[in-house]
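Q: Could you have a look at this structure, given as structure tokens, before my questions?
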Amino acid sequence: MEVADGEAVSDLETGTHGAPPVPGDSPPPAHGGGRPPGWPVAIGLLVTVAGSVGFVVAFVANASTAWLGGSLAAALLGLGMALAYWGRDLAGDEVISGPYPAPHDDAPGAAALGADLEQSLGVITRRHFLSKFLVFGVLVFALSQAVILGALGPWPGRSLFVTAWRPGRRLVTIDGEPVTREVLAGGGSLVAFPEGHTDAADSQIALFHFFGGEFKPQPGRETWSPEGFVAYSRLCTHVGCAVSQYLDEANVLACPCHQSTFDILDGARPVSGPAGRPLPQLPLAIDSDGYLAAQSDFTEPVGPGFWDAG
Ligand code: FES
């Protein structure tokens, strides 16, 4: 509020600016039945802070979802109430200008102007305080929601891209028996794991032996299937079930979960069902002792790709 050249410029909030009070005029009604404007904002922000702190405590204490939801609802409700009342009572300025009698010539006018100034100062001070409280309340609420990040679990790092297969690591059965070239001499298939890692579910493979020339390597994979031994990941590329059914007459692997089938003579390409990606092939070698081993890890992630999941 400022006064210059005989003119008064005032905030509408004070409700008494402009011309001097006229006898018989009644003062504007105060907000909240006599309470100063801004008190609902303060209450809303207090509820927000209390709800936010309660949410963090409930989250850390692993409390029930009722506590989590209740505290979050209280925080949001308080914030909504604070913003709504802020918009109604405290936001915006309306400047009124017009002729105002020189206060020094008019004792009642000077008194009214002094009261105006005092009231305006109170409003400005209150709004300044509530502005800071509003920022504080919003910050507390935002920070309280950061604890949700703790529910995301451990950071996966490179775990989605690597398995237990390493160059030269031998294939073993579920019982830990090394797989030699004689094991499947008559054809067929078996489940194998990396030596020392029979509990690594993401590393399980289905091993096949084709010796009639029916298997044709994919371009660029000519060295991955020595003597007709071919290995594919057993994790379905749909949502990760074990592809556990081998239909040897059709030369397909089938997933029991949603009936995807994979053509093992054609790079384990999906031929039916919801899977959209071939089963990754493991590059194989046969070492000098006749044991089957990996040339390397898989060259692509096994199981459902997180980039095309869903
Ligand atoms: S998980 Fe294999 S088809 Fe769905």
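The values are calculated or read from the model by the stated rules, or taken from the named source; none is laboratory data. As the structure is a prediction and not an experimental result, all values here were calculated from the model. With ideal geometry, Cβ positions are generated from the backbone for all residues, glycine too; neighbour counts draw on all protein chains shown.
Q: Of everything in region 251-289, what is within 16 Å of the ligand (Cβ to nearest atom), outside any strand (DSSP E or B) and farther than 16 Å from Phe215 by Cβ? Give them in sequence order.
A: If the condition is that a residue be within 16 Å of the ligand (Cβ to nearest atom), outside any strand (DSSP E or B) and farther than 16 Å from Phe215 by Cβ, then Cys255, Pro256, Cys257, His258, Gln259, Ser260, Gly273, Pro274, Ala275, Gly276, Arg277, Pro280 are the ones that fit.
Q: Of all residues in region 284-298, count the ones that are more than 31 Å from the chain's Cα centre (by Cα) and either crowded, with 19+ Cβ neighbours inside 10 Å or hydrophobic (A, V, I, L, M, F, W, C) (or both).
A: Number of matching residues: 6.
Q: Looking only at residues that are of a type outside the set (Gly, Ala, Ser) and under 24 Å from Phe262 (Cα atoms) in region 180-197, which one is surrounded by the most Cβ atoms within 10 Å (Cβ to Cβ)?
A: Out of the qualifying residues, it is Phe193.
Q: Enumerate the pairs (first residue in region 124-137 and over 17 Å from Gly78 (Cβ atoms); second residue anywhere and part of a helix (DSSP H, G or I) and of a type outside the set (Asp, Glu)) with beta-carbon separation below 6 Å, excluding pairs fewer than 6 apart on the same chain, so at least 6 apart or on different chains.
A: Arg127/Leu90
Q: Right, something else. Please give the number of the condition Pro20 fails out of (1) over 27 Å from Phe136 (Cβ atoms); (2) modelled with pLDDT of 90 or more; (3) of a type outside the set (Lys, Arg).
A: (2)
Q: Out of region 205-250, which residues are within 14 Å of the ligand (Cβ to nearest atom) and aliphatic (A, V, I, L, M)?
A: Answer for region 205-250, where residues must be within 14 Å of the ligand (Cβ to nearest atom) and aliphatic (A, V, I, L, M): Ala206, Leu235, Val239, Ala242, Val243.
Q: Given the criterion within 23 Å of Ala293 (Cα to Cα) and in contact with a strand residue (DSSP E or B) (Cβ under 6 Å, 6 or more places away or on another chain), identify the matching residue among Gly228, Gly220.
A: That would be Gly228, the only listed residue that is within 23 Å of Ala293 (Cα to Cα) and in contact with a strand residue (DSSP E or B) (Cβ under 6 Å, 6 or more places away or on another chain).
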